[in-house]
Amino acid sequence: MKASNRRDWTALTAAQQSEVRDDERQRIARDIHDDLGQHLLSLKIELSLLQLNAGAAPLLLRQRLDTMAANLDRTILSLRAVINNLRPLALEQGLRAAIEGQLAEFSRLNQVRCQFEADAQAFSHGPDEQRDAVLFRTLQEALANVARHARATELHVALRLQAAQLVLTVRDNGVGMAQRQAAQACGQGCGLDGIGARVAQAGGRFAIDSEPGAGTVLSLSFPLQQACLH
């Protein structure tokens with residue numbers, strides 16, 4: 001039986017294998033969110049009630065409750081990170097809403113003015129879960145790099161439909177870097193090398209253009225099937 005399953009798997013095309021993996025990741029993410037996530041939320045509520053009624057309790061007990069609450073908060077954050085790595089929950093509301101929400105949160109946390117422009121046609125091609133996940137993950141990684149390195153005050157994100165290509169660009173007005181530095185950074189764990197591999201695996205192209213003092217432009221593109229353009 002095992003041998004038969006193995007032959008069936010290897011007979012799948014690369015695209016079919018990727019689709020099967022994505023479906024399984026989404027199922028696991030939903031199960032974790034619906035089951036373990038709800039249990040942790042219930043535990044957090046109960047612990048909060050204990051803290052509210054612990055005013056007359058010994059100091060050591062209140063300190064232990066505070067420590068438990070902090071550890072629980074960290075556990076919830078770790079769980080969210082695991083879920084997001086399996087399937088970006090933000091995409092449940094669609095790619096546009098996910099991008100707008102991510103930019104709003106980034107702007108709030110980093111005091112960077114963000115502008116998002118998108119062609120109406122960019123969302124008329126229909127959802128593609130693998131492609132949309134890669135687009136969203138790339139945006140997240142780009143924003144993380146802007147926050148860590150760019151010292152930018154403005155950010156412009158665009159999603160365009162150009163020559164049968166869906167193109168995402170992320171442009172900042174930060175300090176920029178030399179092309180050689182950009183290439184070296186990709187090999188130093190900044191995440192850009194991982195983006196390039198992920199985009200290529202999904203059938204897209206990834207590029208980064210930067211000069212010292214002139215900011216950085218990150219772009220990726222995915223070809224669209226002709227049927228999706230009508």
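The values are calculated or read from the model by the stated rules, or taken from the named source; none is laboratory data. What you see is a predicted model, and the numbers here were worked out from it, not measured in a lab. Counting neighbours? That spans all protein chains shown, and the Cβs are built from the backbone with ideal geometry, glycine included. Just the protein is used for accessible areas: all its heavy atoms, side chains included, with ligands, DNA and RNA removed. Shrake-Rupley method; radii C 1.70, N 1.55, O 1.52, S 1.80 Å.
Data overview
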read-out	value
Test set (1) assigned to a helix (DSSP H, G or I); (2) in contact with a helix residue (DSSP H, G or I) (Cβ under 8 Å, 6 or more places away or on another chain); (3) modelled with pLDDT of 75 or more; (4) among the aliphatic types (A, V, I, L, M) - ALA200 fails condition number	(2)
Residue match in the range 59-67 (condition: open to solvent by less than 90 Å² (accessible area, probe 1.4 Å) and not in a helix (DSSP H, G or I))	no
Residue list for the range 163-174, filter: in contact (Cβ under 8 Å) with a residue 40 or more places away in the chain and either open to solvent by 50 Å² or more (accessible area, probe 1.4 Å) or in contact with a Phe, Trp or Tyr (Cβ under 7 Å, 6 or more places away or on another chain) (or both)	GLN165, LEU166, ARG171, ASN173
Check on SER78, surrounded by 11 or more Cβ atoms within 10 Å (Cβ to Cβ), farther than 22 Å from GLN201 by Cα and of a type in the set (S, T, N, Q)	no
Residues of the range 89-133 that turn out to be at pLDDT 85 or above and either part of a helix (DSSP H, G or I) or among the polar types (S, T, N, Q) (or both), as a count	19
Counted residues, the range 30-51 - those being among the charged types (D, E, K, R) and either modelled with pLDDT of 85 or more or closer than 13 Å to THR75 by Cα (or both)	2
Residue that is open to solvent by 50 Å² or more (accessible area, probe 1.4 Å) and under 15 Å from SER221 (Cα atoms), where the choices are GLN130, GLN93	GLN130
